[in-house]
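These notes are about the structure you will find just below.
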Amino acid sequence: MGNYTLKHIPERSQKPRAKGITMAMDKGLSLREVEDFLSVAVEYVDIVKLCWATSYVTPNLKEKIQLYTQAGVPTYFGGTLFEAFVVRDQFDDYRKVLYKYGLQYAEVSDGSIEMKHEVKCKYIRKLAEQVTVLSEVGSKDEEKIIPPYVWIESMQEELEAGAWKVIGEAREGGNVGLFRSTGEVRSELVEEILTKIPCEKIIWEAPKKAQQVWFIKLLGSNVNLGNIAPQEVISLETLRLGLRSDTFSHFLNPKLANKKVALLNVGDTRLDMQ
């Protein structure tokens with residue numbers, strides 16, 4: 001995994017991963033930026049979301065998707081694009097767009113429109129006949145607080161309808177849904193969700209470092225995390241491995257975590273004091 005050997009590194013799942021997924025955001029990267037991004041992060045990014053409806057205005061869209069595909073990194077259009085088609089009564093057109101661009105994944109969400117949940121599940125079932133479906137739970141409206149039992153019921157029903165993973169909504173700012181407006185995790189909500197929904201079935205949107213650290217400490221290095229900025233994928237991987245100060249001691253056994261080391265004079269070696 002690494003460029004050199006370090007002991008006591010937590011074991012990471014290997015691609016193609018069913019857990020420990022990193023979902024990155026592409027908000028409008030150029031083709032050159034995609035190439036640069038993949039050159040350093042292809043081993044650590046599992047899926048890329050072309051955010052909200054950016055694919056509608058992105059130049060060279062086919063070429064961009066092809067770059068990701070050739071690197072073995074699947075892409076999908078943000079759920080807002082799905083909603084934009086549905087609200088215009090163009091669901092069949094949406095399916096044709098997925099086919100046109102050769103996409104193997106799609107996101108179903110209702111964060112921007114009002115939709116009965118049974119209708120949302122019907123869309124999931126229909127799309128699951130064509131692609132692998134991710135479904136997003138939670139509202140983009142920071143004033144709308146959804147009770148934990150509704151999150152749980154929605155996730156359960158959407159998984160039963162055929163969703164591969166459910167996504168916990170946070171937006172790119174990490175200040176709605178799973179989080180308070182300050183970015184603080186709604187910890188009681190998360191813990192209650194986990195009493196009913198297996199953690200490997202959830203991708204937690206966590207764009208901020210403190211949020212990523214919180215989930216890693218709660219659920220381990222192989223927690224599924226989403227809405228990661230491309231330039232933060234490598235940084236996130238170091239958090240997963242306990243190689244950044246925020247998680248440095250978390251994966252060490254107590255003996256190592258409490259070890260004190262003395263630095264001797266220049267030319268001498270480092271000796272353990274205890």
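The values are calculated or read from the model by the stated rules, or taken from the named source; none is laboratory data. What you see is a predicted model; the values in this text were computed from it and never measured. Positions of Cβ are generated from backbone atoms using ideal geometry, with glycine treated the same way; all protein chains shown enter the neighbour counts.
Yes/no matrix, rows are residues, columns are (1) under 19 Å from Q104 (Cα atoms); (2) among the hydrophobic types (A, V, I, L, M, F, W, C); (3) in contact with a Ser or Thr (Cβ under 6 Å, 6 or more places away or on another chain); (4) free of Cβ contacts under 8 Å to residues at least 60 places away in the same chain:
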{"residue": "P10", "(1), (2), (3), (4)": "no, no, yes, no"}
{"residue": "K15", "(1), (2), (3), (4)": "yes, no, no, yes"}
{"residue": "K19", "(1), (2), (3), (4)": "yes, no, yes, no"}
{"residue": "A24", "(1), (2), (3), (4)": "yes, yes, no, no"}
{"residue": "L31", "(1), (2), (3), (4)": "no, yes, no, yes"}
{"residue": "V40", "(1), (2), (3), (4)": "no, yes, no, no"}
{"residue": "V45", "(1), (2), (3), (4)": "yes, yes, yes, no"}
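Taking every residue in segment 179-192 that is over 13 Å from G168 (Cα atoms) and in contact (Cβ under 8 Å) with a residue 24 or more places away in the chain and pairing it with any residue that is among the polar types (S, T, N, Q) and surrounded by 14 or more Cβ atoms within 10 Å (Cβ to Cβ), at least 6 positions away or on another chain, the pairs with Cβ-Cβ distances below 6 Å are S181/N175; G183/N175.
Here K208 passes the criteria (1) touching a helix residue (DSSP H, G or I) at 6+ places or on another chain (Cβ under 9 Å); (2) over 26 Å from Y123 (Cβ atoms); (3) surrounded by 17 or more Cβ atoms within 10 Å (Cβ to Cβ); (4) basic (K, R) except the one numbered (1). Of the residues making up segment 219-236, those that are out of contact with any helix residue (DSSP H, G or I) (no Cβ under 7 Å at 6 or more places or on another chain) and surrounded by fewer than 18 Cβ atoms within 10 Å (Cβ to Cβ) number 4. Quick check on segment 107-114. Is at least one of its residues among the aliphatic types (A, V, I, L, M), within 19 Å of the chain's Cα centre (by Cα) and modelled with pLDDT of 95 or more? Looking for residues that are among the aliphatic types (A, V, I, L, M), within 19 Å of the chain's Cα centre (by Cα) and modelled with pLDDT of 95 or more, one finds at least one in segment 107-114, hence yes.
Where helices (runs of 4 or more DSSP H) fall entirely within segment 157-274, those with at least 3 residues that are closer than 26 Å to V108 by Cα and at pLDDT 90 or above are at 187-193, 209-219.
Any residue at all in segment 161-173 that's farther than 23 Å from M23 by Cα and not hydrophobic (A, V, I, L, M, F, W, C)? Reasoning before the result, please.
Residues of segment 161-173 farther than 23 Å from M23 by Cα: none.
Scanning segment 161-173 turns up no residue that is farther than 23 Å from M23 by Cα and not hydrophobic (A, V, I, L, M, F, W, C).
For segment 56-95, the set of residues classified as buried (at least 18 other Cβ atoms within 10 Å of the Cβ), closer than 26 Å to K140 by Cα and of a type in the set (D, E, K, R) consists of E83 only.
Mind listing just one residue for me: the one in segment 147-181 that is of a type in the set (D, E) and over 17 Å from the mean Cα position of the chain (by Cα) and, of those, surrounded by the fewest Cβ atoms within 10 Å (Cβ to Cβ)? Even if it seems obvious, please write down each step before you answer.
Going residue by residue through segment 147-181, those that are of a type in the set (D, E) are 153, 157-158, 160, 169, 172.
Applying the additional criterion that residues be over 17 Å from the mean Cα position of the chain (by Cα) yields 153, 157-158, 160.
Numbers: E153: 14, E157: 18, E158: 25, E160: 11.
Residue satisfying both the conditions and the ranking: E160.
With a requirement of 1 or more residues that are farther than 18 Å from V166 by Cβ, the strands (runs of 3 or more DSSP E) lying completely within segment 40-114 that satisfy it span 47-50, 75-77.
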